[in-house]
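Derivation of every value follows stated rules applied to the coordinates shown; laboratory data play no part. Bear in mind the structure is a predicted one, so any value in this text is a computation, not a measurement. Quick reminder, even Gly has a Cβ in these numbers, built from the backbone with ideal geometry, and neighbours come from all protein chains shown.
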Amino acid sequence: MSGLTPSTTRLIAALVVSLAVIPTLRAESLPRLPQPLKAGTGAILNEVIYIGLGSANKSWYRLDKRSEEKRWQPIAEFPGSPRDQAITLALNNSLYVFGGSGNVTEQDATPSVLSDIYRYDPANDRWQKIASHPPRGLVGHAGVALNANQGLLLGGVNKAIFDDYLRDINAHKDDKKASEAIIQNYFNKPSEDYFFSREALLYDAKNNQWHALGITPFAGTAGSALVRSGERITLINGEIKPGLRTDAIHYGLWSQDKLRWTGEARLPAPPGAPLQEGLAGAYAGYSHGTLLVAGGANFPGARANYRQHHYYAHQGLTKTYQRTIFAQHGETWRAIGELPQPLGYGVTISDGETLYLIGGETSQGQAVDSVIGLSLRNGHLTIE
């Protein structure tokens, strides 16, 4: 691990299948980021990691894992407006950046749900805005590459509801009573009234086309993690309304140009906790064929409040950042270790062996410049 604590290695008793002595493994260490990064985005393409936006503003950086001297180098500045929560996919030998939350112009008083798309060409270190018109705004969405040219996007907030709330709050920022009424009206609703997207979208980068893949059989989410292994798609937790998460994990199959949902599981509670509140902003990806989920944030007590029809479920509760690391073993999920500190809302990159947790924010909302490497193999979890 770079930038937090010394390297640690833990034995995962629940996953060890024999008593044979297994040599200690090390997750590959990467250097600190050039600057703290939270709410950013990134992807890996041809063994090169790219990260940027969020608290890095318009800055982007690359790190070539093939290089003997691994260091972060700046690339061309992003030409669009600064933004949080964009999604980046490696498609068509390029990077494609989808949406995010940010000001459309420098004169805007509040951020909006963005829907613009930008392509980065690594060969020429050049950005270009893509002439594309997504069928909806893109904030809180999750995305994953399905193959070399096609990407899947799921979830996301409702643009009209999100944008109007921020505009209303800003318009009445000097009127405490009016502001409190707006906040109550916004948060005190059941989850279905937020209209988080249930439409599965496919983007074909080669032909610059959008396709509908149907409606998910579960509630729309925001801030979920979305990963793929072969044909298997896994959507992990996320918000089902502002302040309320779900513990659900949904499984799907992408085969013959069709997306089919096949089942679900529940993320277990962290050790010592009465239940799993669900995670938003969690890190997720594969290490040596095993799916790992780590970090993220929630509001302990929100699910209990919601069950009592207190729809402003997180009112008076503390946003709590998590440190538990979970692993999927077969169809079972188990807690297998902890991050050095609670962390969420960073960038997750997997090279198949190591899962890199790049940047993020701590319980104080402070952006970090750390890069944590997680590696799980033969029952050993290594945190670097």
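State the answer as a single residue: which of Trp127, Thr362, Pro111 lies farthest towards the positive end of the charge dipole of the chain, with beta carbon charges of +1 for Lys and Arg and -1 for Asp and Glu, about the Cα centre.
Of the listed residues, the answer is Thr362.
Which whole-Hz ³J(HN,Hα) couplings does the range 149-162 yield from phi under the Karplus relation 6.51 cos²θ - 1.76 cosθ + 1.60, θ = phi - 60°, glycine and proline marked x?
10, 10, x, 9, 10, 10, x, x, 7, 7, 4, 4, 5, 5
Go through the range 342-354 residue by residue and turn each phi into a ³J(HN,Hα) via Karplus (6.51, -1.76, 1.60, θ = phi - 60°); whole Hz please, and just put x for glycine and proline.
x, 7, x, 6, x, 10, 10, 10, 10, 9, x, 9, 10
Calculate for the chain the 222 nm mean residue ellipticity that helices alone would give, adding -39,500 (n - 2.57) per DSSP H run of length 4 or more and normalising by residue count, nearest 500 deg cm²/dmol.
Details: 3 runs with 31 residues, N = 384.
It lands at -2500 deg cm²/dmol.
Using a cut-off of 18 Å between alpha-carbon atoms, which aspartates and glutamates can reach Lys173, once sequence neighbours fewer than 8 places away in the same chain are excluded?
Cross-link targets: Asp108, Asp163, Asp164.
Which lysines have a Cα less than 17 Å from the Cα of Lys241, not counting those fewer than 8 places away in the same chain?
Lys159, Lys189, Lys319
Under a 5 Å amide H to amide H cut-off, with H placed in plane at 1.01 Å, what residues pair with Ile325 once short-range neighbours are removed?
Placed amide hydrogens put Ile336, Gly337, Glu338, Leu339 under 5 Å from Ile325.
Ranking Thr318, Thr246, Thr110 by Cβ neighbours within 10 Å, fewest first, what do you get?
On the way: Thr318 9, Thr246 25, Thr110 15.
Fewest-to-most Cβ neighbours within 10 Å comes out as Thr318, Thr110, Thr246.
Express the Stokes-Einstein translational diffusion coefficient of the range 41-383 in µm² s⁻¹, to the nearest whole number, given a Kirkwood radius over alpha-carbon pairs, 37 °C and a viscosity of 0.692 mPa s.
Working: Rh = 20.6 Å.
Approximately 160 µm²/s, per Stokes-Einstein.
Please arrange Asp108, Asp247 by how many other C-beta atoms lie within 10 Å of their C-beta, fewest to most.
With the sparsest Cβ surroundings first, the list reads Asp108, Asp247.
Select from the range 291-363 those GluC sites (Glu not before Pro) which occupy a DSSP coil region and have at most 15 other Cβ atoms within 10 Å, ordered by residue number. Please list the in-between numbers first.
Working: sites: Glu331, Glu338, Glu353, Glu361; in loops: Glu331, Glu353.
Qualifying residues, ordered by number: Glu331.
Taking the range 187-274, which GluC sites (Glu not before Pro) meet the DSSP loop condition and have no more than 14 other C-beta atoms within 10 Å? Present the calculation step by step, with values, prior to reporting the outcome.
Values: sites: Glu192, Glu199, Glu231, Glu239, Glu264; in loops: Glu231.
When the GluC sites (Glu not before Pro) of the range 187-274 are filtered for loop state and at most 14 Cβ neighbours within 10 Å, Glu231 remain.
Run the reach check for Lys129 against aspartates and glutamates, Cα to Cα strictly under 15 Å, same-chain hits fewer than 8 apart removed. What comes back?
Here the aspartates and glutamates satisfying the reach criterion relative to Lys129 are Glu77, Asp116, Asp121.
Only bridges whose two residues both fall in the range 41-383 count here: according to DSSP, what percent of them are antiparallel, nearest 5? Present the calculation step by step, with values, prior to reporting the outcome.
On the way: 94 of 95 bridges.
The answer is about 100 percent antiparallel.
Please work out the FRET efficiency for the pair Glu106 and Thr332, using the Cβ-Cβ distance as r and a Förster radius of 35 Å; give the result to the nearest 0.05. The partial results should precede the final answer.
Working: r = 50 Å, r/R0 = 1.44.
Given R0 = 35 Å and the Cβ-Cβ separation, E is 0.10.
Taking 8 Å as the Cα distance limit and 6 or more residues as the minimum spacing, I'd like the relative contact order of the range 41-383 as a percentage.
On the way: 866 pairs, mean separation 34.3, N = 343.
For the range 41-383, the relative contact order is 10 percent.
If you plug each phi of the range 378-384 into the Karplus form 6.51 cos²θ - 1.76 cosθ + 1.60 with θ = phi - 60°, what whole-Hz ³J(HN,Hα) values come out, in order, with x for Gly and Pro?
6, x, 10, 9, 10, 10, 10
How do Lys258, Lys65 line up, fewest other C-beta atoms within 10 Å first? Intermediate results must be reported in sequence, preceding the final value.
Details: Lys258 9, Lys65 16.
Ascending Cβ contact count within 10 Å gives the list Lys258, Lys65.
So if I take the centroid of the Cα atoms in the range 208-239 and the same for the range 257-319, what is the distance between those two points in Å?
15 Å
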